[in-house]
1. Does any residue in the range 215-237 that is under 20 Å from LEU200 (Cβ atoms) come within less than 8 Å, Cβ to Cβ, of a residue that is open to solvent by 70 Å² or more (accessible area, probe 1.4 Å) six or more places away or on a different chain, and which pairs are these?
2. In the range 203-221, what count of residues is obtained for those that are at negative phi and touching a helix residue (DSSP H, G or I) at 6+ places or on another chain (Cβ under 9 Å)?
3. Any residue that is assigned to a loop (DSSP other than H, G, I, E, B), touching a residue at least 24 places away in the same chain (Cβ under 8 Å), in contact with a Cys (Cβ under 9 Å, 6 or more places away or on another chain) and closer than 29 Å to HIS212 by Cβ - is there at least one of those in the range 87-98?
4. Given (1) in a helix (DSSP H, G or I); (2) exposed (fewer than 12 other Cβ atoms within 10 Å of the Cβ), identify the lone condition not met by HIS47.
5. For the range 152-167, which positions are open to solvent by 70 Å² or more (accessible area, probe 1.4 Å) and not acidic (Asp, Glu)?
Amino acid sequence: MDAQRALLDELMGSARNLTEEERRGYKEVSWDDKEVCGFYMVRFCPHDLFVNTRSDLGPCPKIHDPKLKESFENSPRHDAYVPKFEAELSQFCEKLVMDLDRRVKRGRERLNQEVELPPPPPLTAEKSEQLSVLEEKIKNLLEQVESLGEAGKVDEAEALMRKVETLNTEKAILTQPQNEKVLLLQEKKMALCEVCGSFLVANDAAERTQSHVAGKQHVGYGMVRDFINEYKTAKEKAIEEERLAREKELEERRKQKEKDNDRKRRSDSSDREKYRDKDRDRERDRYRDRDSDRERSREYEVRGNRDRGRGVDSRLRNGKNGSRDRYRNRSRSRSPIRHNYRRS
């Protein structure tokens, strides 16, 4: 029937049997609703651990539903909500353990107090007289045993010693009630359970000790303490892993920065070399241009000098030719044939 009901709930919903009016105010509960117990979803609910014990927390005010728990475990958001629920459960359990440790501390202080035995009540007059008579007899018999021993009468001395032992037994009977009371107080010495804070009888029978260890209160607080230790260990491990990852990331950044700086230095060095080469090239070009200019200037000067020399020569030649031509012209002008007269 339960399996069929679960199948119908899965197919038709848990509100399949509600009327129209009931369905109007009905709300389908999901595992992430505030009304659902997150402690029960992720691990255990402390309210379920101490039922009908001295540490009973009462019923949990939130919903415990195995179907919702199964839905939570199959949900894609399961891993995202587990840390949140575990942190809340850890806080609740730590509060329980803090209250328990205070009770354990108070109980330990009570046990550490010295138990003062009550003063022995005075013996009655009759018992006091009997005790005095017994002590006197024991004293006389011991003197006789000593005398017989010196005389070498061993058998008689042993017989008297047996009488002394009998008288000592009678003497112990007179004080026996007080001795039993002291023995009872010693046997009933209490001990304290460090796990659940319960008082136990020291040196108790193994069956009763085992019964206590298997009890709800002891098992419940054991689960609570184990969960707290497990959660703290996991948290410390996560913090350590995060620290190592952060250090690794910083180390990788540092190495990358060093590589970038080396690359930048090499780039700057190459750039400087390029700039130096360019400067040298420019300087070389400047010197080359300057030399070219000088060569050009020299060529211009040589050419100018040559041209000037040629001009002087041409003027000189022109001057000579001119004078020669003038001379010729004068000669021609004085010739009689040219001027149509003859010399007589």
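1. LYS216/ASN52; GLN217/ARG54
2. Total meeting the criteria: 7.
3. Taking the range 87-98 as the starting set, the residues that turn out to be assigned to a loop (DSSP other than H, G, I, E, B) are none.
Checking the range 87-98: not a single residue is assigned to a loop (DSSP other than H, G, I, E, B), touching a residue at least 24 places away in the same chain (Cβ under 8 Å), in contact with a Cys (Cβ under 9 Å, 6 or more places away or on another chain) and closer than 29 Å to HIS212 by Cβ.
4. Only one criterion in (1) in a helix (DSSP H, G or I); (2) exposed (fewer than 12 other Cβ atoms within 10 Å of the Cβ) is unmet by HIS47, namely (2).
5. Taking the range 152-167 and keeping what is open to solvent by 70 Å² or more (accessible area, probe 1.4 Å), we get 153-156, 158, 161-163, 165-166.
Residues satisfying the conditions are LYS153, VAL154, MET161, ARG162, LYS163, THR166.
Listed here are the residues, each with its yes/no results for (1) at pLDDT below 90; (2) open to solvent by 30 Å² or more (accessible area, probe 1.4 Å); (3) in contact with a Lys or Arg (Cβ under 9 Å, 6 or more places away or on another chain); (4) in a loop (DSSP other than H, G, I, E, B).
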{"site": "GLN4", "(1), (2), (3), (4)": "yes, yes, no, no"}
{"site": "GLU10", "(1), (2), (3), (4)": "yes, yes, yes, no"}
{"site": "SER14", "(1), (2), (3), (4)": "yes, yes, yes, yes"}
{"site": "ARG23", "(1), (2), (3), (4)": "yes, yes, no, no"}
{"site": "VAL29", "(1), (2), (3), (4)": "yes, yes, no, yes"}
{"site": "MET41", "(1), (2), (3), (4)": "no, no, yes, no"}
{"site": "ARG54", "(1), (2), (3), (4)": "yes, yes, no, yes"}
{"site": "PRO61", "(1), (2), (3), (4)": "no, yes, no, yes"}
{"site": "LYS84", "(1), (2), (3), (4)": "no, yes, no, no"}
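Residues are listed down the side, and each one gets a yes or a no for (1) out of contact with any Lys or Arg (no Cβ under 8 Å at 6 or more places or on another chain); (2) in a helix (DSSP H, G or I); (3) of a type outside the set (S, T, N, Q):
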site: ALA191; (1), (2), (3): yes, no, yes
site: GLU194; (1), (2), (3): yes, no, yes
site: ASN229; (1), (2), (3): yes, yes, no
site: LYS235; (1), (2), (3): yes, yes, yes
site: LEU244; (1), (2), (3): yes, yes, yes
site: GLN256; (1), (2), (3): yes, yes, no
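Every residue, every condition in (1) modelled with pLDDT of 75 or more; (2) open to solvent by 100 Å² or more (accessible area, probe 1.4 Å), yes or no:
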position	(1), (2)
GLU114	no, yes
LEU117	no, no
PRO120	no, no
ILE138	yes, no
GLU146	yes, yes
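The values are calculated or read from the model by the stated rules, or taken from the named source; none is laboratory data. Because the structure is a prediction, the values reported are computed rather than measured. In this analysis, Cβ positions are derived from the backbone assuming ideal geometry, glycine residues included, and neighbour counts consider all displayed protein chains. Quick note on the areas: whole protein, heavy atoms, side chains included, nothing else; ligands and nucleic acids left out. Shrake-Rupley method; radii C 1.70, N 1.55, O 1.52, S 1.80 Å.
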